[in-house]
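**Student:** Quick one: this structure, given as structure tokens, is what I'll be asking you about.
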Amino acid sequence: MLTVLHRLILPTEGLEQCDAMYARPALPERVADTSSQAFRLQAGQTFTFDTFYNAFSVKKWKQTGGVSRLSLSVHIRGQGEVTLFHRSTADVVTPLWSKEIEGEIRCSEEISAWPALSEGLLYFSVTAKAECTVETAYFATYSPMVQVPQLGVVITHFNRQQYVRNSIQRVQKALLQDPVYQDVIHFIVIDNSANLDPAEVPGAKVIKNHNYGGSGGFARGLLYLQEQGTFTHCLFMDDDISCEVEAIRRCYAMLAYSVDKYIGLAGTLLDDHKPWSVQEKGAEFSGGVFRPLHEGADVRPVENLLKLEQDIGKPVYGGWWFFAFRLDAVSAYPFPFFVRGDDALFGLMNHFNIVTVNGIACFSEHFLSKESAFTRYLGMRASLAIYLMAGQGRTLPALKMMGLAFLWCALSCRYQSAHAILLAFQDISKGPDFWQQNLDFMPIAKRIQKETLQRKDLAYFQSMPFRYEGKPETRIRKYIRLITLNGHLLPQWCLRKMPVYVGEYTRGLLGLIFSYQHIVYSKYETQDIFEAHLNRSQFFSLLGAFVKASLAFILRSSVVRRSYRKKLLMLTSKAFWQNIYRAQPKSDSDH
């Protein structure tokens, strides 16, 4: 039996698009039926598919261990030629076979070179001598599946009804009505806002849930899958499912052919403002710092595709916007972070072998465009908690991590964010009982002040002198900035009255804003701004509180670290979440 692993696709309507991620030199002409992936070539045209979505990754599919044979299947009508190529990591292109098209061909050609290949990309091109229509094309195998997965796709939802409705309807049309998948892939929506009408998400099971954030939602979904006793695999996804449906099919196939019990298949996260730009393709965590891998890589050049398939760093977790794994590999449940950090600790504790593959991806706003005082609180408390529980947990590196983040915000007059980091530091220092007592996060969230964002027209940014690059500084100027705490000790008459306009994540930011008392920040990749004003009393009040918190942490750090490590297994146990949901109000129910 032939099993499809990787089918050629063109962009799905409604998703972020970049032609060079699908075909070269441009997108071919679609046939009239927009639900079809068929496309048309005019005489003399050639299209090549050595692209992010359509090139077949040799190394990653070899690593599954279950694909011993590989074929390319095509259905083409017209007159022309189809050629299969292999491109090595050394950028050597080798034609593997070629077939003439006369009238109509339906064939499945076994790739005889497959057993000898170990890396690089497989792809094909189509050249039309007269008008041609490519109906279907896909890489497939006659090898039997290692396991026939029963895949539960868990989506945690909170107040984004329109996103999840549109996404489920699109997936249901393209995937759940396909007889190959309708009995083996199941969608479970954990409705943390308890306001989603199940009738509006046909094909999905809706479970109304108390809002314990992403951690609680995904834990509830994991409990449901394991309690059913029929599921073998799980895929965590965000509630907008902003991905090509083919990514889910490829995920299913990779899970089916993987011999590795601890496979953790992580989807690449792309920037929805720049769909060709990688935000994260696997991630590592060390020294209390989350580090996205391949950050900023451009997926359009074919030479970059080869680099993206190389393992860099030490990926230990995948983001829950798209993360798949075997249920029998799970020994630890999510830690009750609410959001942020839960995916990192889940990966660390379950020791997944993280795999990323070109063409399995989704889109999101850039991380930096979503950063705020609120997210800095969540991110910094997660970083410190994980460092204490699963990292070295040493006192001075922990202080350095929190201190640098605090000072960067305080010295740049973003006092709300500095205050949020201080709160995170204080909350973590309370020990592991803090998490049990604050599962319902919203009451403590009220302590965090928000920056007041303003939406501006694009013309505003073009007319204002916004700076997005730092400039060289003399050594004397740097010393003055250091001594005066970036201007907080300068006398009033030394401060400039006119505002300075800067990007929030500009390199050399502290140097650019030095000696200004009014700063206008632009958010990353958005048309939002917020304003900050140098405030000496607020700065020194926060600095004093942070020093006090640091001294308290130094005195208690060994006790805090031991208590976290002692309770880690309990707080990430299945029993912990079972007890939480047994106590849920009866109004929370399944549909």
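The values are calculated or read from the model by the stated rules, or taken from the named source; none is laboratory data. Given the structure is predicted, the values throughout are model-derived calculations rather than measurements. Heads up, the Cβs are rebuilt from the backbone with ideal geometry, glycines too, and the neighbour counts pull from every protein chain shown. Note: areas computed on protein heavy atoms with side chains; ligands, DNA, RNA excluded. Shrake-Rupley method; radii C 1.70, N 1.55, O 1.52, S 1.80 Å.
**Student:** Shape of the range 406-512 from its Cα gyration tensor (a ≥ b ≥ c, root eigenvalues): rounded if a/c is under 1.5, otherwise prolate when a/b > b/c, or oblate?
**Tutor:** Working: a/c = 2.70, a/b = 1.59, b/c = 1.70.
Because a/c hits 1.5 or more and a/b fails to exceed b/c, the range 406-512 counts as oblate.
**Student:** When a/c reaches 1.5 or more, the comparison of a/b and b/c decides; with that in mind, is the range 201-294 rounded, prolate or oblate per its Cα gyration tensor? Each step should come with its number before you reach the end.
**Tutor:** Values: a/c = 1.41, a/b = 1.33, b/c = 1.06.
The shape class here is rounded.
**Student:** Determine the per residue accessible area of the range 21-134 with all protein chains present and a 1.4 angstrom probe, expressed in square angstrom.
**Tutor:** On the way: 4630 Å² over 114 residues.
Spelled out: the 1.4 Å probe surface of the range 21-134, per residue, equals 41 Å².
**Student:** In addition: What's the carbon and sulfur percent of the range 269-412's accessible surface, probe 1.4 angstrom, rounded to a whole number? Don't skip to the end; give the middle numbers.
**Tutor:** On the way: 2570 of 4600 Å².
Using a 1.4 Å probe with all protein chains present, the range 269-412 comes out at 56 percent carbon and sulfur.
**Student:** I want the local charge near Glu365. Using Cβ-Cβ distances under 10 Å, sum +1 for each Lys or Arg and -1 for each Asp or Glu among the other residues.
**Tutor:** Values: positive: Lys370; negative: Asp271, Asp272, Glu525.
With Lys, Arg at +1 and Asp, Glu at -1, the net is -2.
**Student:** Right, something else. Over the Cα atoms of the range 295-413, compute the convex hull volume and normalise it per residue, giving Å³. Walk me through the numbers before you get to the answer.
**Tutor:** Numbers: hull volume 17.3 nm³, N = 119.
Taking only Cα atoms, the range 295-413 has a hull volume of 145 Å³ per residue.
**Student:** Could you put Met237, Met570 in order of accessible surface area, largest first, with the 1.4 Å probe and the full protein assembly present?
**Tutor:** Values: Met237 0, Met570 75 Å².
I get Met570, Met237, largest accessible area first.
**Student:** Same structure, new question: How high is the relative contact order of the range 53-112, in percent, counting Cα pairs under 8 Å that sit 6 or more residues apart? Numbers along the way, then the final one.
**Tutor:** Working: 76 pairs, mean separation 23.2, N = 60.
After rounding, I find 39 percent.
**Student:** While we're looking at this one, here's another question. Skipping prolines and chain starts, which residues have an amide H placed within reach, meaning under 5 Å, of the one on Gln45, given they are 5 or more residues away or on another chain?
**Tutor:** When sequence neighbours closer than 5 places are left aside, the close amide H contacts are Ala128.
**Student:** Quick one: compute a quarter of the convex hull surface over the Cα atoms of the range 231-363 and quote it in nm². Write out the running numbers ahead of the final one.
**Tutor:** On the way: hull surface 33.1 nm².
Computed as one quarter of the Cα hull surface, the answer is 8.3 nm².
**Student:** Something else now. The range 96-221: Rg/Rh from Cα coordinates, Kirkwood Rh? Intermediate results must be reported in sequence, preceding the final value.
**Tutor:** Numbers: Rg = 21.3 Å, Rh = 18.7 Å.
With Rg and the Kirkwood Rh in hand, the quotient comes to 1.14.
**Student:** Output the Kirkwood hydrodynamic radius of the range 425-485, Cα pairs only, in Å rounded to one decimal.
**Tutor:** 17.2 Å
**Student:** Using the Kirkwood radius over Cα pairs, work out the Stokes-Einstein diffusion coefficient for the range 1-160 at 20 °C and 1.002 mPa s, in µm²/s as a whole number. Intermediate results must be reported in sequence, preceding the final value.
**Tutor:** Values: Rh = 17.0 Å.
After rounding, the answer is 126 µm²/s.
**Student:** Could I ask something else about it? Quick one: pull the percentage of alpha-carbon pairs in the range 1-87 with a separation above 15 Å. Mind showing how you got there, number by number?
**Tutor:** On the way: 2486 of 3741 pairs.
Roughly 66 percent, rounded to a whole number.
**Student:** Continuing with the same structure: Per-residue HN-Hα couplings for the range 324-331, Karplus 6.51 cos²θ - 1.76 cosθ + 1.60 at θ = phi - 60°, whole Hz, x for Gly and Pro?
**Tutor:** After applying 6.51 cos²θ - 1.76 cosθ + 1.60, I find 10, 6, 7, 5, 6, 8, 8, 10 Hz.
**Student:** In whole Å, what three semi-axes, largest first, describe the equivalent ellipsoid of the range 140-210 built from its Cα gyration tensor (square root of 5 times each eigenvalue)?
**Tutor:** Numbers: eigenvalues 148, 35, 15 Å².
With the √(5λ) rule applied to the range 140-210, the semi-axes are 27, 13, 9 Å.
**Student:** Still on this structure: Step through the residues of the range 131-147 one at a time and calculate ³J(HN,Hα) from phi using the Karplus curve (6.51 cos²θ - 1.76 cosθ + 1.60, θ = phi - 60°), rounding each to whole Hz and writing x for Gly and Pro.
**Tutor:** Calculated HN-Hα couplings, in order: 4, 10, 10, 8, 7, 8, 7, 7, 8, 8, 9, 8, 5, x, 5, 5, 8 Hz.
**Student:** Specify the angular offset, from 0 to 90 degrees and rounded to the nearest 10, of the alpha carbon long axis of helix 536-571 from the longest principal axis of the alpha carbons in the chain.
**Tutor:** 50 degrees
**Student:** At 7 Å along Cα-to-Cβ for each site, give me the label-to-label distance between Ser112 and Gln79 in nm.
**Tutor:** Between Ser112 and Gln79, the simple spin-label model gives 3.0 nm.
**Student:** While we're here: Restricting to Cα pairs below 8 Å that are 6+ residues apart, what does the relative contact order work out to for the range 436-591? Please round to a whole percent. Let's see the in-between values first.
**Tutor:** Numbers: 134 pairs, mean separation 29.6, N = 156.
Worked out over the range 436-591, it gives 19 percent.
**Student:** May I pose another question? Normalised by the empirical 2.2 N^0.38 Å for globular proteins, what value does the Cα Rg of the range 38-88 take? If you can, show how the numbers build up before the last one.
**Tutor:** Numbers: Rg = 13.9 Å, N = 51, 2.2 N^0.38 = 9.8 Å.
Ratio of Cα Rg to 2.2 N^0.38 Å: 1.42.
**Student:** Whose amide H sits under 5 Å from the amide H of Leu96, counting only residues 5 or more places off or on another chain, with H placed in the peptide plane?
**Tutor:** Under 5 Å from the amide H of Leu96: Leu84, Phe85, His86.
**Student:** Please state the charge dipole magnitude for the chain, taken about the Cα centre, from unit charges on C-beta atoms (+1 on K and R, -1 on D and E), reported in debye and rounded to the nearest 20.
**Tutor:** On the way: 64 positive and 55 negative charges, 645 e Å.
Dipole about the Cα centre, nearest 20: 3100 debye.
**Student:** On the full set of protein chains, 1.4 Å probe, figure out the accessible area of Arg536 and give it in Å² to the nearest 10.
**Tutor:** Around 70 Å² of this residue is reachable by solvent.
**Student:** So, one more: Enter the per residue convex hull volume of the range 446-575, computed from alpha-carbon coordinates, in Å³ rounded to the nearest integer.
**Tutor:** Details: hull volume 26.1 nm³, N = 130.
Spread over its residues, the Cα hull of the range 446-575 gives 201 Å³ apiece.
**Student:** Below 8 Å between Cα atoms, with a sequence gap of 6+, how large is the relative contact order for the chain in percent? Don't skip to the answer; put the middle values down first.
**Tutor:** On the way: 1208 pairs, mean separation 75.0, N = 591.
Relative contact order comes out at 13 percent.
**Student:** Taking H as built 1.01 Å from N, whose amide H comes closer than 5 Å to the amide H of Lys205, not counting residues under 5 places away?
**Tutor:** Phe187, Ile188, Val189
**Student:** Go through the cysteines of the chain and tell me which have no other cysteine Cβ under 4.7 Å away.
**Tutor:** Cys18, Cys107, Cys132, Cys234, Cys251, Cys409, Cys413, Cys494
**Student:** Calculate one ³J(HN,Hα) per residue across the range 428-439 by plugging θ = phi - 60° into the Karplus curve 6.51 cos²θ - 1.76 cosθ + 1.60, and present them in order as whole Hz with x for glycine and proline.
**Tutor:** So the Karplus estimates, Gly and Pro as x, are 4, 5, 6, x, x, 5, 3, 6, 5, 7, 10, 4 Hz.
**Student:** Please state the shape class of the range 462-515: rounded when a/c is under 1.5, otherwise prolate if a/b exceeds b/c and oblate if not, all from the C-alpha gyration tensor.
**Tutor:** Values: a/c = 2.42, a/b = 1.37, b/c = 1.77.
Oblate is the answer for the range 462-515, as a/c is 1.5 or above yet b/c matches or exceeds a/b.
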